[in-house]
Amino acid sequence: MATITTEVATTARWSDVQHALTGGGDGASCQCIWPVLSNKDWNSTTKDQRTEMLRTEIDEGPPPGIIAYVDGDAAGWIRIGPRTRQARVPRTRIIAAASTEPFDDASVWAVTCFVVRREHRGSGLNLDLLRAAVEYARDSGARVIEGYPVDTGGEKQRSNELFHGTLGTFLAAGFEERTDLKPGRSLVALELAP
């Protein structure tokens, strides 16, 4: 049985972040910068610029994500952090209309991206990532965590469509479904005890 561990994405783990992001799908080109940029800014950046932006974000802290390891190999990534540091969230109309939390409240955190290397998909790694992200948020003073997952309805979907995570994963981690964002997408939240 594989040993799964998680670590906060720090500067010392930069090569592991890159390994986790580059195992197939959009992670290599996106560098998980999409959640922090407006469409205009996103469209004006290159992959190299996005890589440098992520490196700077990690260097400056607080760490914007968690890395999952399978038998010591960096296998997955999750972006979690205050919504105030993820500019795309309040600019996404369906989220802005659905969330009841103030967008200037740094105690409201959001999970906005999952990446799992191709060889580790289907193993439940997203749930391990999400549980570690919840603990990181709790330890960092978050009051509530939101997610914006895809409801697959039990049907197989392309992995690039699932970077928001799946509703089943969030529900398994204790999140509650708050409202539909649009068909196939929900807003979920987890209240953290003070």
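Since every read-out is calculated from the coordinates, none of them should be taken as a lab result. From a predicted model like this one, the values you see are computed outputs, not experimental measurements. Quick reminder, even Gly has a Cβ in these numbers, built from the backbone with ideal geometry, and neighbours come from all protein chains shown.
Below is a table of values for the structure above.
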read-out	value
Span-rule helices in the chain, defined as complete DSSP H runs reaching 30 Å or more along the axis (Cα) with Kyte mean at least 0.5	none
Note, ³J(HN,Hα) from phi for segment 163-179, Karplus 6.51, -1.76, 1.60, rounded to Hz, x at Gly and Pro	5, 6, x, 9, 4, x, 5, 5, 5, 5, 8, x, 6, 10, 6, 9, 6
Over the chain: Rg over Rh, Cα atoms, Kirkwood Rh	0.93
Most fluctuating residue given options G165, G81, G24, as computed from a GNM of the chain linking Cα atoms under 10 Å	G24
Net charge of Cβ neighbours under 15 Å - reference I58; Lys, Arg +1; Asp, Glu -1	-1
Residue with peak Gaussian network fluctuation, the chain [Cα springs, cutoff 10 Å], from V17, V70, V150	V70
Label point distance in nm, S44-D73, each placed 7 Å from Cα along Cα→Cβ	4.1
Rounded to whole Hz, the Karplus (6.51, -1.76, 1.60) HN-Hα couplings of segment 180-189, x for glycine and proline	7, 8, 6, x, x, 9, 10, 9, 10, 8
Amide H within-cut-off set for T179, under 5 Å, with H built and near neighbours excluded	L187
Using θ = phi - 60° and Karplus 6.51 cos²θ - 1.76 cosθ + 1.60, couplings along segment 99-110 (whole Hz; Gly, Pro as x)	6, 9, 8, x, 6, 9, 8, 6, 7, 9, 9, 9
